[in-house]
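None of the figures in this text is laboratory data; all of them are computed from the coordinates on show. Predicted model only: the values in this text are computed from it and were never measured. Cβ placement follows ideal geometry from the backbone for every residue including glycine, while neighbour counts extend to all protein chains displayed.
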Amino acid sequence: MNPTELANQATLAANRALELAEAARQAALYVAPVAEAAEPFLYLLTIFLMACFVGYYVVWNVTPALHSPLMGVTNAISSVIVVGAILATGLSDSIAAKIFGFIAVTLASVNIFGGFMVTRRMLAMFKKKG
Amino acid sequence: MGATVSTLAYLVSSVLFILALRGLSHPETSRQGNLFGMVGMGIAILATLLRPGMGGGGIAIVLAGLAIGGTIGTVVAGRIQMTALPQLVAAFHSLVGMAAVFVAAAAFYAPASFGIGTPGHIHAGSLVEMSLGLAIGAVTFSGSVIAFAKLDGRMSGAPILFPNQHKLNLALGILMLVLIIAFVATGNSLLFWLIALLAFVLGFLLIIPIGGADMPVVVSMLNSYSGWAAAGIGFTVGNILLVVTGALVGASGAILSYIMCKGMNRSIINVLLGGFGTTGGGEAGPGAGNGDRAPVKAGSPEDAAYIMKNSQKIIIVPGYGMAVAQAQQVLREMGDLLKKEGVEVSYAIHPVAGRMPGHMNVLLAEANVPYDEVKELEEINPEFAEADVAFVIGANDVTNPAAKTDKSSAIYGMPILDVERAKTVFFIKRGMASGYAGVDNELFFRPNTMMLFGDAKKVTQEIVQALQR
């Protein structure tokens, strides 16, 4: 292979690369609006997946003796959907939303208070004896 | 309070919730963990109430809901007996599910509050998330109601089976998918409620074939569902705290389900298909063993007391029968008396003992048994060989050696507590009936086994009296 041939081939490869880059740019322009719409979802999805991993490692570290209190605590904190209920009740003028929001707040509050209280009762029994 | 500040507050809450779970890695840090959880919840609620645009009327409604629900929750949690814990947890799960349904409904009728569109014109992506949160929430609700009824004895714990059950569930599942697609395409309110209705029916149908002793798996699974429902709602309303918490709870319930299944050597599918332990297992009177076996040796509480008094090491194996008989207090008295005689006493807990994960540990803790005397399966199994007495109270299948030897047995492969290695085995049982799995326990017929027939609490009380003499 002589130097001229090599140079020609290099030029061809470079041109091809430029074409590909241009195609990618066009594709990106085309996708941008979609990506914009998907962005909040992807952001939440990222957080969701990370939280799954955190949950996985933290929960494996829970001692089996405390699996019942674990259910109590997770039950209480899953009622954090009360946040959604509060927003619906407080931010909207819709009567339907206010009624549904009120019911949801009430149900979730039973859980929040009940869950934390019953867990507290259970954990109080696991004090070091003697 | 601006949007950035409330997002920061939600972040703090998320971290506090993670720390709440982290605290449960040891009994000594657990109470602080629970406190973190409460503070996290308080911050989340306060930050939401202080968001701009919150109307005074709305805040009043929210405070009323918090007061009513909070009072009910506090009273119920304060009064509940620890033996009734599994049904309480199931009832609480049903409330989370129902709350998720109502939040989804509120978001559907007031989408502008969450910036996901206007009524009738909600973004398609949000409709997908909303229908998932709605469906999972509704399944969690009706499934938990059935689990509650079974655990509370309002409904027989026996599996309810009918022909083509699984085909029906599959068909309903496909119908659900079709409804969700139609809902996302049209945003129709009738379809919204149809999805909720169908999900209620599905939750009901999914749990009725599952038997009473499989409830630890069911309760854990519904725990997981309540988390996924919260996450679904979190995606709908675009809130990071709901998404993080939902993921934490979902992962936690899934891990507990896995641990419970492993404790029975059964797949989650096998548990969910249900109908386990419905064959065989007829009731038989004391001493009515199979004809070709040696008769069982029945003893008196006095005999048991005498033998235990002269032992060096005793391992107590409690099961659901102890919880039913409420025998934990008197069991601890027996343990105390034996310790005074210089006997080493410890407790062995099988992962699936009781009706929810960790059920036995809570009952023993309630009876003031020090938690370091209570040991898990892997930890205690090597110790049975050195034990003079294995005292099995209200447990059966989890001690059955057939799980190791008999490949045809329904419980083959299940990890068991090696009580057979102890010099003497006591079984406190009402009769000779087989356990939940419907499998005979050959241990009953061994020469070194002594059966103590009667109610677990009464027999233990008689042993305590004999020890005091």
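Judged by the ratio a/c of the largest to the smallest principal axis of the C-alpha gyration tensor, the stretch A:3-130 counts as oblate, that ratio being 1.5 or greater while a/b is no larger than b/c.
Only aspartates and glutamates eight or more places from B:Lys150 in sequence, or on another chain, were considered; those with a Cα closer than 14 Å are B:Asp214. Rounded to the nearest Hz, the phi-derived 3J(HN,Hα) couplings of the stretch A:75-92 under the Karplus curve 6.51 cos²θ - 1.76 cosθ + 1.60 (θ = phi - 60°) are 4, 5, 6, 5, 6, 5, 4, 4, 4, x, 5, 5, 4, 5, 6, x, 9, 10, where x marks glycine and proline. Each residue of the stretch A:96-107 was assigned a 3J(HN,Hα) from its phi angle through the Karplus curve 6.51 cos²θ - 1.76 cosθ + 1.60 (θ = phi - 60°); the sequence is 4, 5, 5, 5, 4, x, 4, 4, 5, 4, 4, 4 Hz, with glycine and proline shown as x. Scanning residues 5 or more positions from B:Val317 or on other chains, those with amide H under 5 Å from its amide H are B:Ala348, B:Phe391, B:Val392, B:Ile393, with H placed 1.01 Å from N in the peptide plane.
Calculated FRET efficiency, B:Phe204 to A:Ala27, Cβ-Cβ distance, R0 = 45 Å: about 0.40 to the nearest 0.05.
3J(HN,Hα) couplings calculated from phi for the stretch B:20-27 with the Karplus curve 6.51 cos²θ - 1.76 cosθ + 1.60 (θ = phi - 60°) are, in sequence order, 4, 6, 4, x, 6, 6, 8, x Hz; Gly and Pro show x. Taking Cα atoms only, the orientation of helix A:3-60 departs from the longest principal axis of chain A by about 0 degrees. Let me know the number of lysine pairs in the stretch B:301-468 closer than 16 Å at the Cα, not counting same-chain pairs under 8 apart. Pairs that pass both the separation and distance tests number 9.
Taking other C-beta atoms within 10 Å as the exposure proxy, B:Thr48, A:Thr63 rank A:Thr63, B:Thr48 from fewest upward. If you fit an axis through the alpha-carbon atoms of helix B:215-237 and take the longest principal axis of the Cα set of chain B, what angle between them do you get, 0 to 90°, nearest 10? Around 10 degrees separate the two axes. Anisotropy class assigned to chain B is prolate, per the alpha carbon gyration tensor with a/c at or over the 1.5 cut-off and a/b larger than b/c. Taking a ≥ b ≥ c as the square roots of the eigenvalues of the Cα gyration tensor of the stretch A:43-88, is the shape rounded (a/c under 1.5), prolate (a/b larger than b/c) or oblate? In terms of gyration-tensor shape, oblate.
Between A:Thr46 and B:Lys339, what FRET efficiency follows from the Cβ-Cβ distance if R0 is 56 Å, with the result rounded to 0.05? The computed FRET efficiency comes out at 0.55. Please determine, in degrees from 0 to 90 and to the nearest 10, the orientation of helix B:56-79 with respect to the longest principal axis defined by the Cα atoms of chain B, where the helix direction is its Cα long axis. Approximately 0 degrees, to the nearest 10.
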